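The values are calculated or read from the model by the stated rules, or taken from the named source; none is laboratory data. In this text the structure is predicted, and so the values were computed from the model without any measurement. Don't worry about glycine lacking a Cβ; one is built from the backbone with ideal geometry, like all the others, and counts go over all protein chains shown.
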Amino acid sequence: MTALLIIIGIIVFFALVLSIRAHIHVEYEEEVLAYAKWAFLKIPLFPRPEKPPKEKKPKEKKEEPPKEEEAPKEEKPKGPNPLKVLYENEKLSGILEILNRLLQVVYKFGGRLVNSFVIDEMFLDITVSRDDAASTAVEYGKMCRRVFPVTGAVVANCNVRKYCINIDPDYLANGQNEFAFSLEISLNPRKLINAVLAFAFGALFKVGIRLLKGIKPKQPAKPDEKKPEENATQTQASDTETVQNTSDIENKTESGATT
């Protein structure tokens, strides 16, 4: 009973720990700043803290023993090409079936992966400027055409809690674009691990086993063994010959009796 309670306590502890969301923060204004947070830990990602240089001790040169002449290694015979064997065994229809199974597994993994993280904040501020007003207006239109479809797809397909996208033209600036960006993502480790495990088992059982069956070379039939159809044909031919021989004997007997 005590061992069972200990096991349950360990499972509950890991379930609670893995339910704590990890946060990744990335921002750019004049330089890139990125760090990760989980519970009470904060890990800088960029720029990385500089480590003090280690003092290198001079290495003592060791006398190398004379090398013995190695005997030439025998080249091992190469096995059959698995792709060629797969094509010979499965043909095009079998390969398409394997690819279809792989795409199904990847699609499910992508859905679970998207559900495992949340975009808490996404802010983008762009100021467009060129040398003259006409070029600034044209560049402003191009920038809107590039940015808004991408951010719209992200907002539509991901769980985004807060976002703000600003693109403004500046007709009085010195002709340089300015960018400011901030992104914070929270990740659920438990859901991420579940997604990875589901992908691994799906790839193993739905794709891996099916692929191994296709790559396995087929054993050629032995020359002494005959197919059932050939045996049936030979049996029918022998029965026909027997019936013909019997009818010939009866005809001869009847003709002799008549004479």
Quick one: PHE181 ticks every box in (1) in a strand (DSSP E or B); (2) surrounded by 15 or more Cβ atoms within 10 Å (Cβ to Cβ); (3) of a type outside the set (D, E, K, R) except a single one, so which number is it?
(2)
Output yes when any residue across region 172-181 is out of contact with any helix residue (DSSP H, G or I) (no Cβ under 8 Å at 6 or more places or on another chain), of a type in the set (S, T, N, Q) and modelled with pLDDT of 90 or more, and no when none is.
no
Hand me the list of strands (runs of 3 or more DSSP E) wholly inside region 4-57 holding 1 or more residues that are small (Gly, Ala, Ser) and surrounded by 10 or more Cβ atoms within 10 Å (Cβ to Cβ).
22-28, 32-38
Residue count, region 1-37, condition touching a residue at least 24 places away in the same chain (Cβ under 8 Å) and in contact with a strand residue (DSSP E or B) (Cβ under 6 Å, 6 or more places away or on another chain), comes to 9
Within region 156-174, of all residues that are loosely packed, with under 14 Cβ neighbours inside 10 Å and of a type in the set (A, V, I, L, M, F, W, C), the one nearest to LEU124 (Cα to Cα) is CYS164
Is there a residue being in contact with a Cys (Cβ under 9 Å, 6 or more places away or on another chain), without any contact (Cβ under 8 Å) to a residue 60 or more places away in the chain and more than 30 Å from ILE20 (Cα to Cα) anywhere in region 171-189?
no
